[in-house]
Amino acid sequence: MKSVALHNLGCKVNGYEMDVMQQILQERGYKIVPFDEVADIYIVNTCTVTNIADRKSRQMLHRAKKLNPDAVVVAVGCYVQTGEDAVKKDAAIDLAIGNNRKRQLVSILEDYLNNRESEDTIIDINHTDEYEEMTLTKTAEHTRAYIKIQDGCNQFCSYCIIPYARGRIRSRREEDILHEVKGIVAAGYKEIVLTGIHISSYGIDRGASELLTLLAKLNMIDGLKRIRLGSLEPRIVTEEFVQRISAMPKICPHFHLSMQSGCDAVLGRMNRHYTSGEYFRTTEIIRKYYPNPAITTDVIVGFPGETEEEFDITERFVRSVNFYEMHIFKYSKRQGTKAAMMDGQLTEAEKSRRSAILAEAERQMSHAYRAGYIGSETEVLVEEKKEKDGRIFWVGHTPQYVKAAKEADRSQDLVNQIIKGTIVGFLEDDVMILK
């Protein structure tokens, strides 16, 4: 029995695909071991979203070869797809597998093990309309499963390499999604998160958006308690869209709306296809149909040419929206994108300063949002046990993705159960107490 060590880099889509690859390997009899142990085979599911991500991918591949020089080191995914020439020259990499070939990992790997040669394992991702079907039956998490519904992106934001790494939009068949979710629910999972490279585009490659139809069918699956949406583009969140999903009780009132900047001039340079005003109206529509929804976002600070005035506009805008949480990224140059060649590249020190300002705004807004639930009744899907000051707490998330903990004795096991109670205060800065 050969041993395999796996390491995943990057997004939730990569995480889903890595779970499926591990599942396939285990079904074929491979022994999975930690990545820092000596293994016969090392597989790194790579990321290429920034130059730093490329470097981390290379570092993990080289670390694997140092752990066992005789091992077969396999590079998989986005870094392989965009850096094919460099990958083929890298002596630490024995086998490279691009995107849309991950399902064939074992057959490609075994062909290499038998012949020490491999077929062409990197397709032209920009000229395929095939969705690579993969089905997950279990995941490392015990309560929540990520479900991939599409791949690829047609947006071509000026800072982003992903359309070149993942190709054009390709939507998964509805029946395959429903089959996978029913299997996951039968295995005991109560919550799913729909993920993809650009889930707002689900169905567009077949002629029209199919996301609402899919959600309606998922909402009817017996035993499924919660449905979370991954990152949404603001333009999909119309009055009709929110009105319809608000009638689906399993959809969580937790919306991650991709933003990147609150300044129209910066949004234009980013090639984002909306204005700050349009974005703000989207949040108003959500709040019209949901009482106190959790609205989260991504923000890039220090984009090329971002002036102090433009940054100030963004800071004021995020406070006016009043987000629950923000994921704040310092702009990182990615070779091969238009933004990398733009004038006005900011220093790391300035990007760090601006990032700290938004982080403080996020801390204030997030604390106020959580505090607003004190005295409210809610439900928590328990995910883990935590010990604090000799006391046992069962910790999980509310539908709004607010973390909450309920004290209980050691003999109880509440994992994967939905418990009800009233939020009475803070256990920690980011954890509420449920009684």
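The values are calculated or read from the model by the stated rules, or taken from the named source; none is laboratory data. It should be emphasised that the depicted structure is a prediction, and the values quoted were computed from it without experimental measurement. Cβ atoms come from the backbone with ideal geometry, glycine included; neighbour counts cover every protein chain shown. Ligands, DNA and RNA are excluded from the accessible area calculation, which covers all protein heavy atoms including side chains. Shrake-Rupley method; radii C 1.70, N 1.55, O 1.52, S 1.80 Å.
Given an 8 Å cut-off on Cα distances and at least 6 residues of separation, report the relative contact order of the stretch 1-83 as a percent. Relative contact order here is 34 percent.
So how do ARG101, ARG235, ARG319 rank on accessible area, 1.4 Å probe, biggest first, that is with the largest at the start? Write down the numbers at each step before the final one.
Working: ARG101 20, ARG235 120, ARG319 95 Å².
The most accessible residue leads, giving ARG235, ARG319, ARG101.
I'd like the carbon and sulfur percentage of the solvent accessible area for the chain, probe radius 1.4 Å, heavy atoms only, ligands and nucleic acids excluded. Carbon and sulfur together cover 49 percent of it.
Accessible area per residue, 1.4 Å probe, Å², for the chain: what's the number?
44 Å²
For the residue pairs LYS288/LYS420; LYS12/LYS225; LYS12/LYS351; LYS66/LYS351; LYS12/LYS65; LYS56/LYS182, alpha carbon separations beyond 28 Å are given by LYS66/LYS351; LYS56/LYS182.
Largest first, the residues LYS102, LYS89 sort by 1.4 Å accessible area into LYS89, LYS102.
So for the chain, averaging the separation of alpha carbon pairs under 8 Å that are six or more residues apart and normalising by length, what relative contact order in percent results?
Details: 842 pairs, mean separation 44.2, N = 435.
The normalised contact order for the chain reaches 10 percent.
SER352 sits with roughly 50 Å² accessible to a 1.4 Å probe, with DNA, RNA and ligands left out of the calculation. Ordering MET248, ASN114, ALA208 by Cα displacement along the dipole of the chain toward the positive end leaves MET248 in first place; charges were set at the Cβ atoms of Lys, Arg (+1) and Asp, Glu (-1).
Beta carbons within 10 angstrom, averaged per residue: use that to sort the peptides 358-365, 223-230, 126-133, highest first.
Ranked by mean Cβ neighbours within 10 Å, highest first: 223-230, 358-365, 126-133.
The loop-placed GluC sites (Glu not before Pro) in the stretch 80-128, going by DSSP, that have at most 14 neighbouring Cβ atoms within 10 Å of their Cβ come out as GLU117, GLU119.
Shown here for the stretch 9-59: trypsin sites (Lys or Arg not before Pro) in loop regions (DSSP other than H, G, I, E, B) with at most 15 other Cβ atoms within 10 Å, namely ARG28. Label the stretch 1-109 by shape, choosing from rounded, prolate and oblate, from the square roots a ≥ b ≥ c of the eigenvalues of the Cα gyration tensor; if a/c is under 1.5 it is rounded, and otherwise prolate applies when a/b is larger than b/c, oblate when it is not. Verdict is oblate for the stretch 1-109. Between VAL237, MET270, CYS157, the Cα set farthest toward the positive side of the dipole of the chain (charges on each charged residue's Cβ, about the Cα centre) is that of VAL237.
In a simple Cβ point-charge model (Lys, Arg +1; Asp, Glu -1; nothing else charged), the chain has a dipole of about 580 debye relative to its Cα centre. Give the residue from LEU61, GLN81, VAL415 lying farthest towards the positive end of the charge dipole for the chain; charges sit on Cβ (+1 for Lys and Arg, -1 for Asp and Glu) and the dipole is referred to the Cα centre. Towards the positive end, the residue furthest out is VAL415. Rolling a 1.4 Å probe over the protein heavy atoms leaves HIS327 with an accessible area of roughly 90 Å².
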